[in-house]
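A.B. asks: This is the structure I want to talk about, given as C-alpha cells.
The values are calculated or read from the model by the stated rules, or taken from the named source; none is laboratory data. No experiment lies behind these values; they were computed from the predicted model shown. Cβ: placed from backbone, ideal geometry, glycine included. Neighbour counts: every protein chain shown. SASA here: full protein model, heavy atoms, side chains in, ligands and nucleic acids out. Shrake-Rupley method; radii C 1.70, N 1.55, O 1.52, S 1.80 Å.
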Amino acid sequence: MTIGPLLYSGTDWDFATLLRSYDAIERIATDELGLECYPNRIEVISSEQMLDVYTAHGMPLTYRHWSYGKRFLQHESSYRRGYTSLAYEVVINSNPCISYLMEENTATMQALVTAHAAFGHNHFFRNNHLFRQWTEASAILDYLAFARSYIATCEDRFGTAAVERVLDAAHSLSRHGVHRHGGSRPMNLKSEEKRERERLEYDESVYDDLWRTLPDTKPVQGMDKVAERQRRLGLPEENLLHFLEKSSPRLQSWEREVIRIVRLIAQYFYPQPQVKVMNEGCATWVHQRIMTRLHETGQIDDAAFLEVLHSTSNVIMQPGFDHPAAGPGFNPYALGYAVMTDIARVCEAPTAEDRKWFPDIAGNGDPTGTLRHVWANYRDESFLLQFLSPKVMREFRMFRLLDDTAEPTLLVDAIHDDEGYRDIRRALARSYDPGLNDSDVQVIDVDLTGDRRLILEHRTHAGQLLSHKDADATLHYIAALWGYEVRLQEVDADTEAVLATHKASPIVSV
Amino acid sequence: MANAARVAIDKNTLRELGQGGTVTIPADVLHEPSFHTVFTSGQREIVLSGNKQFSTGDRLKRPPGGAGGAGGGEGDGQGNGEAEDGFRFVLTRDEFLDLFFEDLELPDLIKRQIVATETTTLTRAGISMDGSPSRVDMSRTMRQSLARRIGLRRPKPVEVRELEEEIARREASNDDPDRLRALRLELEVALRRMARVPWVDPIDMRYRRFEQVPKPSTRAVMFCLMDVSGSMSESMKDLAKRFFLLLHVFLQRRYKRVDVVFIRHTEVAEEVPEEVFFTDPRTGGTVVSTALAEFTRIQRDRYPVASWNIYAAQASDGDNSGSDTQRAVAMLETDILPVVQHFAYIEVSLSAAIVRGETDLWRGYAPLAERMPKLAMRRAMERRDIFSVFRDLFARRASVA
C-alpha cells in the first residue's frame with residue numbers, strides 16, 4: 001500500500017478537503033471492503049437545518065401537520081438547554097443517498113461521518129433485504145413531494161381542520177399500516193398520480209342515479225354469513241390503515257388518498273426499527289475500518305486518528321444496568337459494533353470455542369465477505385440469534401432477569417456462563433422481534449349491511465394489555481375514520497378468553 | 001392550538017391566568033395516541049449488561065417505581081409516553097389569551113362607547129397666536145422674533161457697542177472731528193432703530209394649543225353577586241368563582257382599568273373583599289333583592305353610568321324566598337338593566353337541583369331575558385361546563401348590525 005500524502009491537517013476544512021477525503025474513503029470502501037452503494041449526495045448544513053431534519057423524521061421534506069411543530073419544539077428546547085447535542089450527520093435511505101453533515105464538525109469528523117453515513121448506512125440501505133423489500137429508495141423523495149403538494153391542495157379545498165382530522169387519526173394508526181407478510185409493491189410517482197386520476201374518473205363514469213332505485217339483492221341463502229363476509233372483505237386484516245382506506249363506508253376519495261399517503265410513508269419507515277442494531281453496527285464498523293486504513297496508509301495523521309478513536313469509543317459506550325446513564329435496552333451502536341467486530345475476528349482468528357459455536361464461518365479468512373452476507377440477509381432478531389457469541393456476552397457481562405409479577409423479587413436466571421449463553425442469546429434476540437413488540441391488532445368482523453359496527457381484536461402475549469387510555473383515544477380516531485361504532489376486544493392468544501373490551505363511537509360533528 | 005388552550009382551562013391553568021407571566025400548556029393535550037402494550041402482569045425476561053456480582057439463582061429486590069427491571073426493559077411505548085408528558089409549551093399570557101378569547105367579544109360594546117363620551121382628554125392641536133403665558137412655545141416665538149429683527153434690520157447689540165467704543169476712543173484722541181460726527185450720527189440712528197424695533201413683539205408670540213377631545217370611557221366595573229347562603233356548597237362557589245375569573249380576565253383585555261365589586265348576600269347583602277367573598281361561609285335564608293339593592297346603591301354612589309362601563313354577573317343556585325322573586329325581577333328591570341352593558345346570570349347547581357326543574361329565580365328571570373337581550377342566563381353543572389357557558393355568552397354574533 002502506498003503511503004499517501006495527508007488529506008488534511010488540523011481541524012479546518014473546505015470543500016476541497018471534503019472532496020479529497022471522500023475520494024480516499026471511496027477507494028477503500030469499494031476496493032477493500034467491496035461495498036455497493038447508491039450514488040452519494042452530501043450536503044453540509046447548520047444546526048438550525050439539522051433541527052428541521054429531525055422534525056421531519058430525518059426526511060428533507062414532508063407535508064404540513066402540527067405534530068411536526070411539536071417535535072421541533074421538543075428537539076429545539078432540549079438542544080437549547082443543552083440536554084442533548086445534535087447528531088453529527090443524518091442519512092436518508094434514498095437514491096441518490098442524501099447525507100447531511102453538520103457544518104461545525106472538524107475535518108476529521110467530516111471524514112468519519114462521510115465513511116459512516118455515505119458508505120456504511122448507504123451500503124446497508126441498498127443491500128439489506130428488509131429495505132429492498134419494503135422501501136423504494138429511488139421513489140421516496142418524489143413521493144414526499146407529491147404527498148406535500150397533495151395535502152396542501154386538500155387543505156385549500158377542504159380546509160385545514162378537515163385535513164387535520166384525517167391526518168391525526170391516520171397518524172395514530174401508522175404502526176398498523178403495513179402488510180407484514182406480503183411485501184410491498186414499488187411505488188412510483190407517475191402511477192400514483194395516474195391512479196388518483198383514474199379513481200376520480202371511475203367514480204364519475206359509474207355514477208348513475210338509477211342504481212339507487214334498484215331493490216337490494218337477496219342475501220345468498222345457506223351460506224355461513226360471517227365467513228362469507230370475512231372472505232369478501234379479506235378479513236381478518238392486520239393492516240388497519242389499508243382496510244380503512246379501502247372499506248370505510250363514509251370517507252370521501254381525498255380522505256382515502258390522505259390515509260394512503262400516511263400508510264405508504266409509514267411503510268417506508270417500517271424496516272428501520274427492525275434493523276437498528278445492524279444498521280448502526282454496520283455503519284460504525286465501516287467507518288472505524290475505513291478510518292483505520294486511512295491512518296495505516298498515512299493519509300491522516302496521529303492527531304486525527306486519536307480523534308477518531310475518541311469519537312468511536314464515545315459512540316459505542318454501553319453503560320452497565322446500574323449506571324445512571326443507562327437507558328432501556330442496549331445501545332444499538334455498541335451491540336452492533338461489538339458483534340460485527342467479533343464476526344470479523346472469528347473469520348480470521350477463531351478460538352476453539354468459536355469453532356464450536358460458528359463452524360460455518362470460523363477461520364474462513366474472509367471477514368468482509370462474511371459481513372456483507374450478514375448485512376444483506378439478517379435483521380436484528382435473527383442477527384443476534386445467529387451471531388451473538390459467548391465472547392461478546394462475556395464482554396458485556398450480560399445477565400437475564402425473570403420478572404414475574406407473582407413473585408416479590410426478580411430472579412437472575414441466566415448469566416454469562418456455559419449454562420446461560422443460549423438462554424441469554426435467545427431472550428435478547430426475542431426482545432428485538434417485531435412480532436412480539438408490535439401489538440397485534442386486527443380487524444376481524446364488520447357487518448356492512450347491518451349496523452356497520454367494526455370489530456377489532458388484539459391478541460395479547462403473556463398478559464400484556466394495551467395501554468388503556470391510549471387504546472381508547474386511538475379507537476376514537478378509528479371510529480372517526482370508520483364513521484360508525486368500533487369495538488376492540490383484547491383476547492388471550494392461548495386461551496381465547498376476552499380480557500378487556502374498548503368501545504368508541506364517532507363524535508357527531510355539529 | 002386554540003383547542004389546546006381551551007382544554008388547558010379545564011386543567012386548573014385558570015389560576016395562572018389572573019397572575020400574568022407565562023402559561024404552560026401540558027403536552028398531553030397534544031398527545032398522539034397509538035396502540036401499544038403495557039406490561040402489567042405475567043412473566044417477562046429482560047437481558048441487561050454490566051453484571052458485577054450476580055450468579056444464577058440470585059434474587060433481587062424490585063427497583064422502586066414500578067415493575068421495570070433496574071431502569072431497563074420497559075416497553076418502548078411506555079417510555080415515549082412518559083417523556084412526552086414532561087414536555088410543555090410555554091406561551092406568554094398575551095399569546096394565551098389571544099387564543100383563548102379568539103372569537104369572543106363583548107356585547108354592545110361599540111354602541112355604548114359612542115353614547116358614553118362624557119370624559120374628555122386634552123390633545124395637542126397645533127400652534128396659536130394667543131393663549132395663556134404658561135403655554136408659550138419659546139423656541140417658535142424666538143424664531144419669529146429673530147426673523148422679524150433681521151427683516152427690519154434691527155442693529156445687533158454688538159454693533160452698537162463697537163460704535164460706542166470707537167466714539168469713545170476718538171473723543172479721547174480728538175483727531176478727525178468729521179469722522180467723529182459721522183459716527184455719532186450713526187449711533188443715534190442705530191439707537192433710534194433699536195428703540196423702534198422691539199426685541200420681542202407681541203406678533204412674535206406663539207402658543208401651544210390644546211383641545212378638549214371627547215374620549216370613550218375605558219373604565220369598566222364588574223359586579224360579582226353571589227348567593228352565599230347555606231344552600232350554596234363549596235363546589236358551587238368554585239363554579240361561580242371560575243366564571244367570575246374568566247369574566248374579569250376578559251374585561252381586562254378590553255378596558256384599561258377594571259374595578260371589581262364583590263357583593264354577597266344571604267337575607268342581607270354586603271360588599272366584601274375578594275378573599276372573604278370566596279372563602280367565608282354564611283348560613284341563612286336567601287333574599288336576592290337585597291343584593292340587587294346593594295348593587296344599585298354602590299353603582300349610584302361610585303360608578304356613574306356616564307363614565308363607567310358596567311357589567312354584572314350573578315351566581316346563585318336559584319333559590320330565593322318565595323315573595324322576593326317578584327321584587328328582584330322588578331328591580332332588575334327598572335334599576336339595573338338600564339345601566340349595565342351586560343348582566344349574566346349563572347345558575348350553578350348540582351344534579352339534584354336540575355332534576356327539580358326550574359328554580360325560583362330561573363322562572364322569574366326567564367321572561368325578562370326574552371324581552372331584554374342584555375340579560376343572559378345559563379346553567380352550569382360541572383367545572384367543564386363553565387367554559388362552554390362563557391363562550392356561549394360572549395360568542396361573536398354574526399348579525400350585530
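A.B. asks: Among the numbered criteria (1) open to solvent by 20 Å² or more (accessible area, probe 1.4 Å); (2) touching a residue at least 60 places away in the same chain (Cβ under 8 Å), which single criterion is violated by A:D366?
C.D. replies: If we test A:D366 against (1) open to solvent by 20 Å² or more (accessible area, probe 1.4 Å); (2) touching a residue at least 60 places away in the same chain (Cβ under 8 Å), just (2) comes out false.
So that you can scan it fast, the table gives a plain yes or no per residue for (1) closer than 24 Å to B:R391 by Cα; (2) touching a residue at least 60 places away in the same chain (Cβ under 8 Å); (3) out of contact with any Gly (no Cβ under 6 Å at 6 or more places or on another chain):
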| site | (1), (2), (3) |
| --- | --- |
| B:D280 | no, no, yes |
| B:L292 | no, yes, yes |
| B:V305 | no, yes, yes |
| B:S316 | yes, yes, yes |
| B:Q326 | no, no, yes |
| B:E333 | no, no, yes |
| B:Q341 | yes, yes, yes |
| B:P367 | yes, no, yes |
| B:R378 | yes, no, yes |
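A.B. asks: Considering only segment B:262-278, how many residues are exposed (fewer than 12 other Cβ atoms within 10 Å of the Cβ) and out of contact with any strand residue (DSSP E or B) (no Cβ under 9 Å at 6 or more places or on another chain)?
C.D. replies: Initial filter on segment B:262-278 (exposed (fewer than 12 other Cβ atoms within 10 Å of the Cβ)): B:273, B:275.
Next, only the ones that are out of contact with any strand residue (DSSP E or B) (no Cβ under 9 Å at 6 or more places or on another chain) stay: B:275.
Looking only at that region, the number is 1.
A.B. asks: Right, next: List the pairs whose first member sits in segment B:185-214 and is in contact (Cβ under 8 Å) with a residue 24 or more places away in the chain, whose second member is acidic (D, E) and part of a helix (DSSP H, G or I), and whose Cβ atoms are under 8 Å apart, counting only residues at least 6 apart or on separate chains?
C.D. replies: As it stands, the answer is B:L187/B:E164; B:A190/B:E159, since those pairs meet every condition given.
A.B. asks: Based on this model, can you work out whether A:Y150 counts as farther than 19 Å from A:P271 by Cα and over 17 Å from the mean Cα position of the chain (by Cα)?
C.D. replies: Against the criterion (farther than 19 Å from A:P271 by Cα and over 17 Å from the mean Cα position of the chain (by Cα)), A:Y150 qualifies.
A.B. asks: Every residue in segment A:369-404 that is touching a residue at least 24 places away in the same chain (Cβ under 8 Å) and either more than 30 Å from A:N127 (Cα to Cα) or among the acidic types (D, E) (or both), please. Quick ask: steps written out before the conclusion?
C.D. replies: Taking segment A:369-404 as the starting set, the residues that turn out to be touching a residue at least 24 places away in the same chain (Cβ under 8 Å) are A:369-372, A:374-385, A:387-393, A:395-400.
If the condition is that a residue be touching a residue at least 24 places away in the same chain (Cβ under 8 Å) and either more than 30 Å from A:N127 (Cα to Cα) or among the acidic types (D, E) (or both), then A:D380, A:E381, A:E395, A:R397, A:M398, A:F399, A:R400 are the ones that fit.
A.B. asks: Something else: Output the residue which, of all residues in segment A:78-88 that are in contact with a His (Cβ under 9 Å, 6 or more places away or on another chain) and open to solvent by 30 Å² or more (accessible area, probe 1.4 Å), is modelled with the highest pLDDT.
C.D. replies: First, pick out the residues of segment A:78-88 that are in contact with a His (Cβ under 9 Å, 6 or more places away or on another chain): A:84, A:86, A:88.
If we keep only those that are open to solvent by 30 Å² or more (accessible area, probe 1.4 Å) as well, we get A:84, A:88.
Values: A:T84: 64, A:Y88: 76.
The extreme case among them is A:Y88.
A.B. asks: For segment A:468-505, name all the residues that are closer than 29 Å to A:E164 by Cβ, buried (at least 22 other Cβ atoms within 10 Å of the Cβ) and at the interface with chain B (Cβ under 10 Å from one of its Cβ atoms).
C.D. replies: Scanning segment A:468-505 gives A:A471, A:T474, A:L475, A:Y477, A:I478, A:L488.
A.B. asks: Take the residues in segment A:321-360 that are surrounded by 14 or more Cβ atoms within 10 Å (Cβ to Cβ) and among the small types (G, A, S); name whichever of them is farthest from the other protein chains (Cβ to nearest Cβ).
C.D. replies: Selected residue: A:A344.
A.B. asks: How many residues does segment A:216-238 contain that are part of a helix (DSSP H, G or I) and modelled with pLDDT of 70 or more?
C.D. replies: Initial filter on segment A:216-238 (part of a helix (DSSP H, G or I)): A:225-233.
Subsequent filtering for residues that are modelled with pLDDT of 70 or more retains A:227-233.
Final tally of qualifying residues: 7.
A.B. asks: Which one of the conditions (1) at the interface with chain B (Cβ under 7 Å from one of its Cβ atoms); (2) within 19 Å of A:A170 (Cβ to Cβ); (3) modelled with pLDDT of 85 or more does A:L454 fail to meet, given that it meets all the rest?
C.D. replies: (1)
A.B. asks: So which residues in segment A:289-299 are more than 12 Å from A:F119 (Cβ to Cβ) and surrounded by 24 or more Cβ atoms within 10 Å (Cβ to Cβ), if there are any at all?
C.D. replies: Within segment A:289-299, A:L294, A:Q299 qualify.
A.B. asks: Scan segment A:330-356 residue by residue and report those that are in a loop (DSSP other than H, G, I, E, B) and aromatic (F, W, Y). Full working, then the answer.
C.D. replies: So the first thing to find is which residues in segment A:330-356 are in a loop (DSSP other than H, G, I, E, B), and the list is A:330-331, A:349-351.
Correct list: A:F330 only.
A.B. asks: Looking only at segment B:220-234, count how many residues are assigned to a strand (DSSP E or B) and either farther than 21 Å from B:T296 by Cβ or in contact with a His (Cβ under 8 Å, 6 or more places away or on another chain) (or both). Spell out how you get there, then give the answer.
C.D. replies: Of all residues in segment B:220-234, those assigned to a strand (DSSP E or B) come to B:220-227.
Still in the list and also either farther than 21 Å from B:T296 by Cβ or in contact with a His (Cβ under 8 Å, 6 or more places away or on another chain) (or both): B:222, B:225-227.
Residues in segment B:220-234 being assigned to a strand (DSSP E or B) and either farther than 21 Å from B:T296 by Cβ or in contact with a His (Cβ under 8 Å, 6 or more places away or on another chain) (or both): 4 in total.
A.B. asks: How many residues are open to solvent by 80 Å² or more (accessible area, probe 1.4 Å) and either in contact with a His (Cβ under 6 Å, 6 or more places away or on another chain) or closer than 30 Å to B:R208 by Cβ (or both) when one looks only at segment B:140-195?
C.D. replies: The qualifying residues number 6.
A.B. asks: Need the failing condition index for B:Q299 against (1) more than 27 Å from B:S233 (Cα to Cα); (2) open to solvent by 30 Å² or more (accessible area, probe 1.4 Å); (3) modelled with pLDDT of 85 or more, just the number.
C.D. replies: (2)
A.B. asks: Mind checking which residues of segment B:20-52 are at pLDDT 75 or above and either more than 7 Å from every other protein chain (Cβ to nearest Cβ) or touching a Phe, Trp or Tyr at 6+ places or on another chain (Cβ under 6 Å) (or both)?
C.D. replies: B:H31, B:L48, B:S49, B:G50, B:N51, B:K52
A.B. asks: Got a number for residues in segment A:1-48 being in contact with a Lys or Arg (Cβ under 8 Å, 6 or more places away or on another chain) and open to solvent by 80 Å² or more (accessible area, probe 1.4 Å)?
C.D. replies: Adding up the residues that qualify gives 1.
A.B. asks: Also: So, of the residues in segment A:411-447 that are over 17 Å from the mean Cα position of the chain (by Cα), in a loop (DSSP other than H, G, I, E, B) and free of Cβ contacts under 8 Å to residues at least 60 places away in the same chain, which turns out to be farthest from the other protein chains (Cβ to nearest Cβ)?
C.D. replies: Step by step, filter segment A:411-447, then rank; the result is A:D418.
A.B. asks: Anything in segment B:235-261 that is surrounded by fewer than 17 Cβ atoms within 10 Å (Cβ to Cβ) and farther than 18 Å from B:Y311 by Cβ? List them, or say none.
C.D. replies: Answer for segment B:235-261, where residues must be surrounded by fewer than 17 Cβ atoms within 10 Å (Cβ to Cβ) and farther than 18 Å from B:Y311 by Cβ: B:S235, B:D238.
A.B. asks: With more than 21 Å from B:G284 (Cβ to Cβ) and assigned to a loop (DSSP other than H, G, I, E, B) as the only criterion, which of B:V249, B:V258, B:V213, B:V200 stands out?
C.D. replies: Numbers: B:V249 fails: assigned to a loop (DSSP other than H, G, I, E, B); B:V258 fails: assigned to a loop (DSSP other than H, G, I, E, B); B:V213 fails: assigned to a loop (DSSP other than H, G, I, E, B).
Within the list B:V249, B:V258, B:V213, B:V200, the selection yields B:V200.
A.B. asks: Any chance you could count how many residues in segment A:94-124 are of a type in the set (F, W, Y) and either assigned by TED's automatic domain parsing to the domain that holds A:Y337 or open to solvent by less than 10 Å² (accessible area, probe 1.4 Å) (or both)? Please lay out each step first, then the result.
C.D. replies: Restricting attention to segment A:94-124, the residues satisfying the condition of being of a type in the set (F, W, Y) are A:100, A:119, A:124.
From what's left, either assigned by TED's automatic domain parsing to the domain that holds A:Y337 or open to solvent by less than 10 Å² (accessible area, probe 1.4 Å) (or both): A:119, A:124.
Residues flagged as of a type in the set (F, W, Y) and either assigned by TED's automatic domain parsing to the domain that holds A:Y337 or open to solvent by less than 10 Å² (accessible area, probe 1.4 Å) (or both) within segment A:94-124 amount to 2.
A.B. asks: Kindly provide the set of residues from segment B:302-317 that are buried (at least 20 other Cβ atoms within 10 Å of the Cβ) and out of contact with any Lys or Arg (no Cβ under 9 Å at 6 or more places or on another chain), ordered by number.
C.D. replies: B:I310, B:Y311, B:A312, B:A313, B:Q314, B:S316, B:D317
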